[in-house]
Amino acid sequence: MHNPPCGNLILFSRTALGDKPDLKGLASLGITDDVADQFRKLVIAHELSHFWFGCNYQGKDGWMLEGIPQYLGMFAVQKESKEKVAALIAFTEYLDKQIPQDAIPNSPFGQSKVLNIRSYYQGSLALFRIGENIGHENLIKLLTSVYRKNPNPTFADFNNDFKNSYPDHIDFWRKAWRLEEKESNKSFERK
């Protein structure tokens with residue numbers, strides 16, 4: 001039996017539905033192609049994921065509340081084309097570098113710059129990198145499995161399931177979530 005959707009209203013800006021967004025700032029990141037469709041797809045997939053699991057499944061950390069929907073949006077774009085997701089990854093990596101490179105888990109959602117970027121961008125980037133490492137479908141199954149067991153999980157729930165399911169990838173998992181010392185994270189490279 002499926003859970004009912006959360007609420008009954010999703011609001012999209014006119015930009016998400018077709019008006020030309022202002023993406024001039026992306027040129028400074030080396031993104032010169034028209035990436036409006038990729039950003040639209042990301043926003044729509046992000047918001048729709050809130051609609052379907054937002055009331056029934058929460059989580060203790062900001063990355064669970066906003067990073068998972070952001071990751072699902074990035075994955076939706078990546079399914080269409082790996083080249084098309086590159087601009088989203090570059091934008092996310094840029095924002096990631098704007099705040100301290102501390103551990104991502106166990107941070108609440110909040111309106112401060114640090115908490116906002118950690119929730120939306122650092123969390124989704126960690127998830128995307130893990131998905132690239134173990135397979136996105138496998139990661140989505142893992143996320144789903146955790147939420148089925150506990151609709152309001154902690155990072156420890158995800159950590160335990162990952163360790164049990166992917167013991168050969170634990171080092172990668174820890175680096176993606178920045179659970180290692182800061183020096184080891186400076187050399188982190190996305191596969």
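Values for this structure:
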{"item": "By average C-beta atoms within 10 angstrom, highest first, the peptides 153-163, 120-130", "result": "120-130, 153-163"}
{"item": "Spin-label pair A156/K79, simplified geometry with 7 Å Cα→Cβ offset, distance in nm", "result": "3.4"}
{"item": "Given K60/K163; K60/K82; K41/K141; K113/K163, the pairs whose alpha carbons are separated by over 25 Å", "result": "K60/K82; K113/K163"}
{"item": "Spin-label model distance (nm) - D171 vs A90, 7 Å beyond Cα toward Cβ", "result": "3.1"}
{"item": "Rel. contact order, % - alpha carbon contacts under 8 angstrom, at least six apart, the range 24-186", "result": "25"}
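Every number in this text was worked out from the coordinates using simple rules, so none of it is lab data. Not measured: the values here are computed from a predicted model. Note that we place each Cβ from the backbone using ideal geometry, even for glycine, and neighbour counts take in every protein chain shown.
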